[in-house]
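Enquirer: After the structure tokens below, expect a handful of questions from me.
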Amino acid sequence: MSELFSDWSVRHHFLKRSPVCFKSRSFGAAWSIHGFVTIFRYTMSDEDLISVDYEVFGRVQGVFFRKYTQAEGKKLGLVGWVQNTGAGTVQGQLQGPRSKVEQMQEWLKSTGSPKSHITKAEFNNEKTVDSLEHSSFNIVK
């Protein structure tokens, strides 16, 4: 089990509120249990962490699109954010393992919330990142 944490400087923290830094090619989560924060992590052997910005067009406001996007992102283990724009679109950022980000991109292009009608989704600024810049998937108001 110790090799699982070989690139982490600390395995457990006492009541610290410092952000968890995820290393390249790894992804994980942290839980607080009785004052301890325990880090769980699994390694993606050949998969990069990526970040991509997105904007979704169509009937995507007033149909719980942000809520469903947040739920789908969390289900896939991604981090990032989503918000409505003044132009009637929804925009945001996705970060995580490449395959999971690609699954989310497909969901944004074709599925969305049950009452939404997506006409197109654009993805820009895709880049490989060494660590995740967000700690969760948030709805920005």
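Enquirer: Report the residue count in the range 78-92 for those that are in contact with a Gly (Cβ under 7 Å, 6 or more places away or on another chain) and either open to solvent by 20 Å² or more (accessible area, probe 1.4 Å) or of a type in the set (Lys, Arg) (or both).
Expert: 2
Enquirer: Quick check on this structure: which one of 66, 59 is under 16 Å from the mean Cα position of the chain (by Cα) and open to solvent by 10 Å² or more (accessible area, probe 1.4 Å)?
Expert: 66
The values are calculated or read from the model by the stated rules, or taken from the named source; none is laboratory data. All values reported here derive from a predicted model rather than from experimental measurement. When we count neighbours, we look across all protein chains shown, and the Cβ atoms used for this are built from the backbone with ideal geometry, even at glycine. We work out accessible area using only protein heavy atoms, side chains counted, and drop any ligands, DNA or RNA first. Shrake-Rupley method; radii C 1.70, N 1.55, O 1.52, S 1.80 Å.
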